[in-house]
1. Does the range 185-198 include one or more residues that are among the hydrophobic types (A, V, I, L, M, F, W, C), in a strand (DSSP E or B) and either modelled with pLDDT of 95 or more or open to solvent by 60 Å² or more (accessible area, probe 1.4 Å) (or both)?
2. In the set Glu64, Glu105, which member is over 23 Å from the mean Cα position of the chain (by Cα), under 21 Å from Leu244 (Cα atoms) and acidic (Asp, Glu)?
3. Checking the conditions here, which among Leu169, Leu177 is under 26 Å from Val269 (Cβ atoms), of a type in the set (A, V, I, L, M, F, W, C) and in contact with a Pro (Cβ under 8 Å, 6 or more places away or on another chain)?
4. In the range 343-361, how many residues are more than 20 Å from the chain's Cα centre (by Cα) and assigned to a strand (DSSP E or B)?
5. Scan the range 30-57 residue by residue and report those that are basic (Lys, Arg) and touching a residue at least 60 places away in the same chain (Cβ under 8 Å).
6. Show the residue pairs meeting these rules: Cβ distance below 8 Å; 6+ apart or different chains; first residue within the range 356-368 and touching a residue at least 60 places away in the same chain (Cβ under 8 Å); second residue open to solvent by 40 Å² or more (accessible area, probe 1.4 Å) and not in a strand (DSSP E or B).
7. Among (1) assigned to a strand (DSSP E or B); (2) free of Cβ contacts under 8 Å to residues at least 40 places away in the same chain; (3) open to solvent by 80 Å² or more (accessible area, probe 1.4 Å), there is one condition Leu231 misses while meeting the rest; what is its number?
8. Going through Lys174, Lys247 one at a time, which residue ends up being over 21 Å from Ile118 (Cα atoms), of a type in the set (D, E, K, R) and part of a loop (DSSP other than H, G, I, E, B)?
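The values are calculated or read from the model by the stated rules, or taken from the named source; none is laboratory data. Since we're looking at a predicted model, the values are computed, not measured. Using ideal geometry, Cβ is built from the backbone for each residue, glycine included, and neighbour counts are taken over all protein chains shown. To get the accessible areas, we keep the full protein, side chains included, count just its heavy atoms, and leave off ligands, DNA and RNA. Shrake-Rupley method; radii C 1.70, N 1.55, O 1.52, S 1.80 Å.
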Amino acid sequence: MKSKNLLLSLICLVSLTAFAQEKESNPFSFKWDNGFKLKSADDNFQLKFGGRIMVDHAFLSQNETLDDVYGQLLTTSATEFRRTRIFLSGLLYKNIEFILDLGFESGEVAFKDVYLGIRDIPVVGTIRVGNLKEPLRFESLTGSKYITFMERAVLNDFSPTRNNGILLLNDFLKDRLSVQAGLFRNAGGNGNDLMANDGYVFTGRLTGLPIKTDNQLLHVGLGYSFRKPGLNQYRISARPEAHLSNKKYIDTELIENVKNLNMVNFEGVFATGPLSFQTEYLRTALKGDTNYNFSSYYGLVSYFLTGEQKVYKSSYKGFDRVKPKNNFTGKEGGLGAWEVALRYSNSDLNSKDIYGGEQASITLGLNWYLNPATRIMFNYVNADIKNAGNVNVFQARFQIDF
């Protein structure tokens, strides 16, 4: 905890010192732009701070066959603060960037994005060092504030979203072609190594935008990750795409003597006006005493009933904030933005003598964007566990972020 406070104090001190030195000759403007932003007149210095609160409620039920196999649910209704986070980010002398993003879920402090970066390096582009997202899976790279459903598809459970390391990223051909590559260590919730070991991760990604206009978008990508577990262990387990479920119906259990893992991920996104499609396929090849293969995929479609459309930010950040055409303003009128969505996902954790199970899920979603910073989400999830039974989840989220 002391190291986290020290890092936060150091970043604030460096930022405020730079701002103070420039204040007299370079005045700053302070404004609200879906977050609080401080910016110098010459754009050399920027500071932004904000956060997010997500409160979830869920009602769950499973059939008798699942009761027999996995035991009864501990509770059929639950609530939680899914995410409570604050962040501070900034830009110094136009090309030195930083972010300190902290989560406070479950009464503990955890590092999210915490890194320093240098922009506009010739040929290389941008270098970032710290705790950051591996360039793998479009849905993982899209911030939790902007994903279509309350929870990401199961393929995001095949490996951690973030790790501690160094990342290089660059865009070419007027941002139509993007490349990211990074070398990482397996890190815990505080951004440090899980323990002293020789494990490491290399992850790279190549994406392209064959179509990008004001009303249409086609994004395609290929990601690859080579992973050497420091403890020579690997495990995949997943909830039925509902974080409030206390059951993980599919689980490989702990696999020992793992030499390495090779992950390949294919991704595609197409959007035309208020209609969008998104799909990904992930395959994991495990090399050890016995070689195994596990796979997962999903496809989703969404449509804005009120005419808005998905906002594509970048290859590495995925989708961005939706701004309703007419904010909901109570008695003054305005409907906000309304989005309906459907997703099908499948994960197969059976391979040779490992019977981790196979899960197929259908999720229906309804999202109400009251304004750019406030969203209410409703999801119905039906997860079928092959040869075991099915579970139904009704869940809702109340979200504010800035």
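1. Looking for residues that are among the hydrophobic types (A, V, I, L, M, F, W, C), in a strand (DSSP E or B) and either modelled with pLDDT of 95 or more or open to solvent by 60 Å² or more (accessible area, probe 1.4 Å) (or both), one finds none in the range 185-198, hence no.
2. Only one candidate passes the filter, namely Glu64.
3. Leu169
4. Kept after step one, since they are more than 20 Å from the chain's Cα centre (by Cα), are these residues of the range 343-361: 348-360.
Now drop any that are not assigned to a strand (DSSP E or B), which leaves 348-351, 354-360.
Number satisfying all stated conditions: 11.
5. Within the range 30-57, Arg52 is the sole residue that qualifies.
6. Between residues of the range 356-368 that are touching a residue at least 60 places away in the same chain (Cβ under 8 Å) and residues that are open to solvent by 40 Å² or more (accessible area, probe 1.4 Å) and not in a strand (DSSP E or B), the close pairs are Gly356/Glu253; Gly357/Lys386; Glu358/Lys386; Gln359/Lys386.
7. Condition not satisfied by Leu231: (1).
8. Just a single option satisfies the conditions, and that option is Lys247.
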